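Structure, as structure tokens:
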Amino acid sequence: MSYIKPEIISLGPAWPYRGGLASFNDRLARQFTDEGNKIEIITFRLQYPRILFPGKTQYTESTPPEGIHITRLINSINPLNWIATGLKIKRAKPDILLIRYWLPFMGPCLGTISRIAKSNNHTLVICIFDNVIPHEKRPGDKLLTKYFTGGIDAAIVMSGSVKEELLSFRPDIPVSLSPHPLFDNYGIPVSRDQALSALNLGSENNYLLFFGFIRAYKGLDLLIKAFADKRLRKKKLKLIIAGEFYEDDTPYRQLVKLYDLENDVIFHDHFIKDSEVPLYFGVADLVIQPYKSATQSGVTQIAFHYDKPMLVTEVGGLKEIVTDGVCGYVVPPTPEDISESILDFFENRRQEQFIEGVRIEKEKFTWDKMTESITGVYNKCIELRKSAGD
């Protein structure tokens, strides 16, 4: 067995599922392939029962990624399927079973598969954690996560807050902190004029961008209140809200109406296709993530890829990724602090300064650093296994 180029089965969302998790897993598989590893993705046949999915569809319209072997096999709610999937991986004997964990609902499914797979006494289970405990907590979260984490050998986390949570469950395993890499798989940048034309937006305005699906913890209400600041109303400034609502949109639209912002807030309230992503970031002067809680965010890494300044709140892992005053702002999650920073950005012409900062800072977030972290904890597990056998 080679410790440098281990064979890998990746377990989690992938094409034809849509969203950041699937895009990440597809891109990571591409990186491993380019580095000479043999990797296969096993994804879901059924990811969420329709009744549990808040969006309109779970599936992407994009074409499958070239050169990546993806098998749809897992049924998240069928224990017989978990056993069959675990046995299939056990027989395949990959060096690494690389699992993506983001929601305790998946704990029984992924935890059962991992335990069966690693019973071949060869495969090591490494998990990439987005969250250990989710933003929107539910009864049983800790119990389900405890079951899942009990079956892994090592972990990758993408923020310090997630590392702390994980170590409260598994202080005995190798854990590597490796920030979320750049999302560079949505295409090359487009010119501002091209993006404005495609989105039917006026060139006389500046644009703030809130991007991604909308849930309460993402703080869109804070941003709307901040945007209502009378000082901002005097500027040629528009707020684009681009993403699908995963909850009732009525409170947000009522806020817009309450503050008389109907002419200045632009709702593109649908899932943004991969091919459209460069357009929204092409028009954005400042990308805003006014989150009330967070771990890390793919939106930040899209902004880095497109050289866009950011305003994020000082919650979770966001403050670890965006350097305040270098590539944007890190502020408390209040409307007042958000509006003050927006005002500073435009009045003091910070755009070029922050763009240069983004270009420097994004060198920290390359995909080879993620693969290096994964192979690093794998090799550490091999050393521990040898030590235990001596």
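The values are calculated or read from the model by the stated rules, or taken from the named source; none is laboratory data. All values derive from a computational prediction rather than experimental measurement. Cβ placement follows ideal geometry from the backbone for every residue including glycine, while neighbour counts extend to all protein chains displayed.
Figures for the structure shown
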item: Single condition Ala228 does not satisfy, out of (1) within 16 Å of the chain's Cα centre (by Cα); (2) crowded, with 18+ Cβ neighbours inside 10 Å; result: (1)
item: Condition check for Lys235: farther than 20 Å from Leu21 by Cβ and assigned to a loop (DSSP other than H, G, I, E, B); result: yes
item: Options Ile68, Ile83, Ile51: the member that is touching a residue at least 40 places away in the same chain (Cβ under 8 Å) and in the same structural domain as Lys118 (by TED's automatic domain parsing); result: Ile68
item: Inter-residue pairs, beta-carbon under 7 Å, first farther than 15 Å from Leu199 by Cα and in region 277-291, second hydroxyl-bearing (Ser, Thr, Tyr) and part of a helix (DSSP H, G or I), 6+ apart; result: Gln289/Thr300; Tyr291/Tyr217
item: Whichever residue in region 1-38 is more than 21 Å from the chain's Cα centre (by Cα) and surrounded by 22 or more Cβ atoms within 10 Å (Cβ to Cβ) and, among such residues, is modelled with the highest pLDDT; result: Ile8
item: Selected residue [more than 24 Å from Ala155 (Cα to Cα) and not aromatic (Phe, Trp, Tyr)] from Pro94, Pro108, Pro104, Pro49; result: Pro49
item: Qualifying positions in region 243-282 - farther than 14 Å from Ile224 by Cβ and assigned to a helix (DSSP H, G or I); result: Asp274, Ser275, Glu276, Val277, Pro278, Leu279, Tyr280, Phe281, Gly282
item: Identity of the residue in region 272-301, hydroxyl-bearing (Ser, Thr, Tyr) and in contact with a helix residue (DSSP H, G or I) (Cβ under 8 Å, 6 or more places away or on another chain), that ends up modelled with the highest pLDDT; result: Tyr280
item: Failed condition for Leu46, given (1) over 24 Å from Ile214 (Cα atoms); (2) touching a Ser or Thr at 6+ places or on another chain (Cβ under 8 Å); (3) hydrophobic (A, V, I, L, M, F, W, C); result: (1)
item: Options Phe281, Phe267: the member that is surrounded by fewer than 21 Cβ atoms within 10 Å (Cβ to Cβ), within 15 Å of Phe210 (Cβ to Cβ) and not hydroxyl-bearing (Ser, Thr, Tyr); result: Phe267
item: Candidates Tyr217, Tyr207 - the one that is among the aromatic types (Phe, Trp, Tyr), in a helix (DSSP H, G or I) and either farther than 30 Å from Lys142 by Cα or within 26 Å of the chain's Cα centre (by Cα) (or both); result: Tyr217
item: Checklist (1) farther than 22 Å from Phe346 by Cβ; (2) surrounded by 21 or more Cβ atoms within 10 Å (Cβ to Cβ) applied to Ala242, failing item; result: (1)
item: Residue list for region 169-205, restricted to those being without any contact (Cβ under 8 Å) to a residue 24 or more places away in the chain and of a type in the set (Ser, Thr, Tyr); result: Ser197, Ser203
item: Filtered residues of region 53-103 (kept if part of a helix (DSSP H, G or I) and either within 20 Å of the chain's Cα centre (by Cα) or of a type in the set (Gly, Ala, Ser) (or both)); result: Ala84, Gly86, Ala92
item: Region 368-380 residues that are of a type in the set (A, V, I, L, M, F, W, C), paired with ones that are part of a helix (DSSP H, G or I) and surrounded by 15 or more Cβ atoms within 10 Å (Cβ to Cβ) (beta carbon under 7 Å, 6 or more apart); result: Met370/Leu28
